Structures are given as structure tokens and as C-alpha cells.
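Here is the structure we will look at, set down as C-alpha cells.
Readers should treat all values here as calculations from the given coordinates under stated rules, not as data from a laboratory. This structure is a prediction, so every number in the text was calculated from the model and none was measured. With ideal geometry, Cβ positions are generated from the backbone for all residues, glycine too; neighbour counts draw on all protein chains shown.
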Amino acid sequence: MRVSLCTITFRHHLISLGEIAAWAQSNDFQGIELWGAHARNLAQQPDRNAEWLDGFGLSVPMISDYLPVDADPETLRLKTVELCRLARRWRTRKIRTFAGNRGSLATSAEDRRVMVERLHDICAITASYGIHLLVETHPQTLADTAGSTLQLIAEVDHPFFSINYDSLHVWESGADPVTVHREMKPHIRHYHLKNIRDRSDLSVFEPANVYAAAGRRTGMTPLFEGAVDYTTFLAELSGDPQIDASLEWIGNDCLDILRRDRRQVRQVIDRREPLRRTVNF
């Protein structure tokens, strides 16, 4: 399994991509998942690209962004083309977005039809660049439950449409991440790995809180100290060196947490040292 860190981790830090890359290289990461905002800002630095990152032995597995799927078609087309060009610069074949901003139960049949049409149109553009569109399993979107996500895959029906599997959010929906993973595996091209102390803390991942510099971080936990059983889940992924996963840490003490989580992920994947799952309350 190839493991990346996410630049969204450093959204409130005064740290350069060069510093992040050097740290990632020395801590056994294989890639850096670029946040869309960072990818756009780096466009002003022509010497920062895939070839430059090659020097660290790293790659960009995915650019994670928020395409305006509710905007007018021309605005959506222009934003998609811009993101595809950024993806080419970093030599990645995956861009991540969300399937709207309303849950499946709150979406009418007609609004769902429009969203499916928009996602299909985006895929037609990304496919022309050889890039896959990944929709993330996430609350308050059409990929908020296993049933709705699988239905969405069938409805969009495009070979360049895939899933970014966020295990925590699948668990948040009330489903078992391992069981859903087995159903959805043929359509998954990337994984986001993060954890939470308790179901009552899930509000810390709401966008308004995550993006606020003074937002609450209490409840975010290291990967193997939370409510989601990652020892069992990662056993499902072991043995496949082509899997891409990102440690999506967005809490405090980022370097210490990422260093520890990366080491423990390797232990589980390599089965060198079984980890006991602990839950802190």
C-alpha cells in the first residue's frame, strides 16, 4: 500500500511544500495529496511540479478539491478543465470532489437526476485528460450511505467515475466499513484514513469547524486510538501494493501524529507486530 499525507493538514501552518516533502520523505511516506487550494497557489511557482517532487522520491496521488457541481454548466466546465490541467502538472490521474451538499434523503428525484448528469459531464471532461473523478463517501452528499453511493455509481455509469473511500464517514453512516468496502471495492481508487474518539465528537469534522483556524479539534484521535477499528479494516487492504491511501490528519500536533500513525500502519500492513485496538473516552 502506498501511503500519502495531505497538505490540508497544514492549512493553518507557515510551512513550505519543500519542507513538507523533505519531512514526508524521511518518514516513509510515498506521496503528498494536494489540497486544491494549494495546487492552485503553487501554479505561481513554475519550478514546483511532478518532476521536482520526483527528487524526493514522492508523487501526488490525487488533488482533493470541491468542484462547483451546483454552478452553471460553463462555470463547472472551466473549473474542471483548470483542475485537470493542475493534475497534469503534478502527474496525477485522480481528482476528488463531493456529490453535492445535500444528503440523499433530502434530495428530490429531479435534483438527483441533475446531479448525476453533472457528474457524468465532469467525467467526460476528466476522461479527455486521462483523469478519474473520485466522489468521496461523505455525509450531506449523495454518497452519504452505501446504498446511495452504489446507486450513484450505477447512475453516473462512466468508466472514469470512482470512489474515494473515507472509512470514518462510512462508519458515521451506521454501516460497517469492512462490509461496505467489500461491496464497493471494484469502484474504489483511493482511501482517506482518519479516526474519532466517539460518535458524539463527529461534529469536529463539519467543514465550518475544520476550516476555522480556531476550530475545535478535541475528539480527533490518532488512527489506532479511536472508535473505528483500523486494525481490522487495514487487514482488508494488506497484500495489494497498488492501493493508494492518505492519512487525513486535520488536528493538532500534526507531525507527531502523522509519524506515529505512519509507523503503525506499516506494522499492521506488514503484519510484523499486531496492534491492540484501544478506544479512549
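Suppose we filter the range 144-164 for residues that are over 14 Å from residue 132 (Cα atoms) and within 19 Å of the chain's Cα centre (by Cα); how many remain? Write out each step before concluding.
In the first step, residues of the range 144-164 are kept if they are over 14 Å from residue 132 (Cα atoms); the result is 144-152, 154-155.
From what's left, within 19 Å of the chain's Cα centre (by Cα): 144-146, 148-150, 152.
Counting residues in the range 144-164 that are over 14 Å from residue 132 (Cα atoms) and within 19 Å of the chain's Cα centre (by Cα) gives 7.
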message = Can you list residue pairs whose Cβ atoms sit under 6 Å apart, with the first residue in the range 241-256 being on the phi < 0 side of the Ramachandran plot and among the aliphatic types (A, V, I, L, M) and the second being crowded, with 20+ Cβ neighbours inside 10 Å and not in a helix (DSSP H, G or I)? Count only pairs 6 or more apart in sequence or on different chains.
response = 245/3; 245/191; 245/193; 247/5; 247/193
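Rundown of residues vs (1) in contact with a Gly (Cβ under 7 Å, 6 or more places away or on another chain); (2) farther than 21 Å from residue 16 by Cα; (3) in contact (Cβ under 8 Å) with a residue 12 or more places away in the chain; (4) surrounded by fewer than 16 Cβ atoms within 10 Å (Cβ to Cβ), yes/no style:
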{"position": "35", "(1), (2), (3), (4)": "no, no, yes, no"}
{"position": "41", "(1), (2), (3), (4)": "no, no, no, yes"}
{"position": "52", "(1), (2), (3), (4)": "no, no, no, no"}
{"position": "56", "(1), (2), (3), (4)": "no, no, yes, no"}
{"position": "60", "(1), (2), (3), (4)": "yes, no, yes, no"}
{"position": "67", "(1), (2), (3), (4)": "no, yes, yes, no"}
{"position": "72", "(1), (2), (3), (4)": "no, yes, no, yes"}
{"position": "89", "(1), (2), (3), (4)": "no, no, yes, no"}
{"position": "92", "(1), (2), (3), (4)": "no, no, yes, no"}
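So, in the range 126-143, of the ones that are in a helix (DSSP H, G or I) and among the small types (Gly, Ala, Ser), which residue ends up farthest from residue 244 (Cα to Cα)? Step through it out loud before you land on a result.
First pass over the range 126-143, keeping only residues in a helix (DSSP H, G or I): 126-128.
From what is left, the residues that are among the small types (Gly, Ala, Ser) are 127-128.
Values: 127: 20, 128: 23 Å.
Step by step, filter the range 126-143, then rank; the result is 128.
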key: Filter result for residue 77 (touching a helix residue (DSSP H, G or I) at 6+ places or on another chain (Cβ under 7 Å) and among the basic types (Lys, Arg))   = yes
query = In the range 1-55, how many residues are of a type in the set (Lys, Arg) and under 18 Å from residue 252 (Cα atoms)?
reply = 1
Subset of the range 134-193 [touching a Ser or Thr at 6+ places or on another chain (Cβ under 7 Å) and of a type in the set (D, E, K, R)] = 144, 166, 189
query = Going by the structure shown, is residue 213 over 23 Å from residue 80 (Cβ atoms) and touching a residue at least 60 places away in the same chain (Cβ under 8 Å)?
reply = yes
